[in-house]
1. What number comes out for accessible area per residue over the protein assembly as shown if the probe is 1.4 Å? Units Å², please.
2. As a check on your grasp of the helix formula, calculate [θ] at 222 nm for the protein assembly as shown: sum -39500 (n - 2.57) over DSSP H runs of n ≥ 4, divide by the residue count, round to the nearest 500.
3. Need one value for B:182-190: mean number of C-beta atoms belonging to other chains within 10 Å of its residues' C-beta atoms.
4. How many percent of the accessible area of the protein assembly as shown is carbon or sulfur, using a 1.4 Å probe?
5. Anyone know which of B:V191, B:V181, B:V168 comes out most mobile in the 10 Å Cα GNM of chain B?
6. Looking only at the range B:173-200, which residues have a backbone nitrogen under 17 Å from a spot 7 Å from the Cα of B:D90 in the C-beta direction?
7. Once you have a ≥ b ≥ c as the square roots of the Cα gyration tensor eigenvalues for the range B:156-197, tell me rounded if a/c is under 1.5, and otherwise prolate or oblate according to whether a/b is larger than b/c.
8. Accessible area lost on pairing B with A, both sides, 1.4 Å probe, Å² to nearest 100?
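The values are calculated or read from the model by the stated rules, or taken from the named source; none is laboratory data. In this text the structure is predicted, and so the values were computed from the model without any measurement. In this analysis, Cβ positions are derived from the backbone assuming ideal geometry, glycine residues included, and neighbour counts consider all displayed protein chains. Ligands, DNA and RNA are stripped out before the accessible areas are found, and what is left, the full protein with its side chains, is counted by its heavy atoms. Shrake-Rupley method; radii C 1.70, N 1.55, O 1.52, S 1.80 Å.
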2 protein chains.
Amino acid sequence: MKTKQQEPRQDPEATPLGTRERIVRTTSRLMQRQGYQGTGVKQIAREAEATLGSVYHFFPGGKQELGTAAVRHGDEEFADILEKMLAAEDSPATAILVLTKVLGEGLRDSDWLDGCPVTSTVVGTAGDSPGIQEAAAEAFARWRALVADALRRAGFGERDAAELAYTVISALEGAEMAAQVARSTEPLEVVGRHLARLIESYR
Amino acid sequence: MKTKQQEPRQDPEATPLGTRERIVRTTSRLMQRQGYQGTGVKQIAREAEATLGSVYHFFPGGKQELGTAAVRHGDEEFADILEKMLAAEDSPATAILVLTKVLGEGLRDSDWLDGCPVTSTVVGTAGDSPGIQEAAAEAFARWRALVADALRRAGFGERDAAELAYTVISALEGAEMAAQVARSTEPLEVVGRHLARLIESYR
């Protein structure tokens, strides 16, 4: 495992379109199911249909840089879902309730394999991979900011919005884990109802 | 990695006291920090000061059996804490609030390395290690049962108690993860206050 941390040097416009993106998506999907430690660079290359040379060309920092990119990809993916759902409902409480249903269905449809890609990647890297840990912290912070923004737009006070966002994102993360392990959508559904109730209690 | 799943054949009374327990504790601690995939049987043997032969003697199923034992150990450890805290306070809401403080302090004292050993071990084993997944599901179910019992003793209805327990355990899991990644006790403190508020709203 290479530990050198570098920013990608490539200009995405100057490289064959899609290779880097394919490597990132493959890394994210593999680490989502197998964790960071269980995923090797050779497997990533094979499943992304890229040469090992091409993987190291885009990610000279090796597995740590791949893990960081995977976490950022998971960050963006969930931020998109969160943003759309919060925009689709006037009430943030209703949006969170709908979101827990969508998360539960997605988990069930993947035969309980695809939990949160950020959590799956960062767990087990404690202390060893500051880049991955920071990217995960940024992901959680961004998701919280989206929830807090929606709450503020709905008229909640600054501090209530910020604090509720902490609990919404933490409880969703924990419920997704519980649902995956129990192979049941129930933890997500129950947590969704409770989060909606908690949010409404601040109105 | 051996995939054969077997129950330990040993009678703990008949074996040198402490060796099996030392192996289990070492496995739990290593998987808590490195995850299941990042922990090898040789490292477990070395750090438990046991021979590899002795590890396979106690755990003929190899790493999967070690992982399952580690999850059960984490289950018991947290169940003990939870039981003591819930017994020490008349109000389950207060007990949960105290618990989040204790969890946050423990995490900070470990330099943010020691998150939930059950979560750390089960993540990344999706689909591959049914024994570990089942042991993790049992752990979460047992912790929920302890919270639900305390709520019932405090006068909460059967269904409210069961549902609140789901949210309490899920939110604690998620907040511990968020606290670890952010290197801050804040997610746990905020979630503790919100859980107390949610519980009190059912009175």
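1. Values: 17610 Å² over 406 residues.
On a per-residue basis, the protein assembly as shown sits at 43 Å².
2. Numbers: 18 runs with 290 residues, N = 406.
Taking each H run of at least 4 residues, the total per residue is -23500 deg cm²/dmol.
3. Working: counts 9, 3, 1, 0, 2, 7, 2, 2, 7.
Mean partner shielding for this stretch: 4.
4. Accessible surface attributable to carbon and sulfur in the protein assembly as shown totals 48 percent.
5. With Cα springs under 10 Å in chain B, the top fluctuation among B:V191, B:V181, B:V168 is at B:V181.
6. B:200
7. On the way: a/c = 6.04, a/b = 2.33, b/c = 2.59.
Oblate shape, in that a/c is at least 1.5 and b/c is the bigger or equal ratio.
8. Numbers: alone 10600 and 10620 Å², together 17610 Å².
That pair of chains buries around 3600 Å² in total.
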